[in-house]
Amino acid sequence: MSSDSLFPALVESERLRYEPLHDVVDTLGVYEYHRTGEMDAVMAPLGEAVHATPKQTFNEVATAEEQWESAKRATYAISRRADDEFVGVAELWFEWEKRRVSFGTWIREPFWGRGYSGERAGAMLYVVFDVLDVAVVAVGHEPANEQSKRAIQKYVERYGGQHDAVLRNRLPPGDTGGPRDLSIYSISQEQWRERVTEDEVSSIVVRL
C-alpha cells in the first residue's frame, strides 16, 4: 500500500480489525468460500452470484486496490482481533464533491447474529466523520432484505439518522432478476456527534 494513501491503514474496534482488503486477503482463500457454497446466503440478498472462478475473485481484489489508491473507494477486510479469523468486508464509496459516503458490507454467514455489522458501522462512522470529515453517510438495502433492514435500522437509529426514501429501480439488474428498488437511510456528521459517546470513540484505534 502506498504510504501517502488517504485512507487509514488500520482500524480496530472492540472485537474487530479492519485492514485494506488488497493487503491482507488470501484471494484463493476467499474464492474457497464461493466454491464451497458458503457465500450463497451472502450474495443472494445482494442480487449477485457467487464467483465462478478464482479469476473473478482476483479481479475484485485488484479493482479494490485501484480504487483505494485513487481515493474513490475504501475496501476493508474485517477480521476478529482474537484469532484473525476473516469475517467479511466493509466498503466506503466516496462522492467527495458532495462530502458523502455510501456504506456497503457483507458478513460471512457463520458470523451472523453477533452484532458485527453494527460494530463495523460504529468504527466506519468514526473514520468517515472524525478522520475524513465527510458530511453525510448513506446506506441502503433492497426492501425485501429483512436481515439488512434490521441491522441498518438499528445503527441508524442509534446515531440519530433517518430513513429518507425508497428509490424505485435504483439498482441495476442483478443476477437474480431485473432492476431493483433501494430503501435508503442517512446519518449526518452533526447527528453522529450528538449521539456518539466518549467511550465509543476511545475504543476505536485508527492508524494512518
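For the reader, a short list of remarks on this structure follows.
- Classified by the C-alpha gyration tensor, segment 69-166 has an oblate form. Its axis ratio a/c, with a ≥ b ≥ c, is 1.5 or above, and a/b does not exceed b/c.
- Cβ crowding within 10 Å averaged over residues, with 118-131, 62-75 ranked highest first: 118-131, 62-75
- Per-residue 3J(HN,Hα) values for segment 151-157, derived from phi via the Karplus relation 6.51 cos²θ - 1.76 cosθ + 1.60 with θ = phi - 60°, read 5, 5, 4, 5, 7, 5, 5 Hz in sequence order (x marks Gly and Pro).
- Ile78 long-range amide H proximity, modeled H, under 5 Å: Val87, Gly88, Val89, Ala90
- Volume per residue that the Cα convex hull of segment 167-208 spans, once the total is divided by residue count, Å³: 161
- Principal axis extents of the C-alpha atoms in segment 1-62 (largest first, rounded to whole Å): 35, 28, 20.
- Whole-number Å³ per residue for the convex hull built on Cα positions in the chain: 121
- Couplings 3J(HN,Hα) for segment 180-185, derived from phi with the Karplus relation 6.51 cos²θ - 1.76 cosθ + 1.60 (θ = phi - 60°), are 10, 6, 9, 8, 10, 10 Hz, where x marks Gly and Pro.
- Separation in nanometres of the label points that stand 7 Å from Cα toward Cβ, at Asp133 and Arg100: 2.1
- Using the Cβ-Cβ distance between Thr53 and Glu194 with R0 set to 35 Å, the FRET efficiency works out to roughly 0.15.
- Counting only protein heavy atoms and a 1.4 Å probe, the chain has 51 square angstrom of accessible area per residue.
- Label point 7 Å beyond Cα of Glu14 along Cβ direction - residues of segment 59-81 with amide nitrogen under 20 Å: 78-81
- About the Cα centre, charge dipole magnitude for segment 10-207 (Lys/Arg +1, Asp/Glu -1 at Cβ), debye: 480
- Residue-averaged [θ]222 nm for the chain, counting only DSSP H segments that reach four residues, each worth -39500 (n - 2.57): -9000 deg cm²/dmol
- Relative packing of 53-60, 192-199, 6-13, which averages over residues the other C-beta atoms within 10 Å, highest first: 6-13, 53-60, 192-199
- Of all beta bridges that DSSP places with both ends in the chain, some 90 percent have antiparallel geometry.
- For the chain, the fraction of 1.4 Å probe accessible surface lying on carbon and sulfur atoms is 48 percent.
The values are calculated or read from the model by the stated rules, or taken from the named source; none is laboratory data. Worth saying up front: this structure is predicted, and the values here are computed from it rather than measured. Using ideal geometry, Cβ is built from the backbone for each residue, glycine included, and neighbour counts are taken over all protein chains shown. With ligands, DNA and RNA removed, areas are computed over all heavy atoms of the protein, side chains included. Shrake-Rupley method; radii C 1.70, N 1.55, O 1.52, S 1.80 Å.
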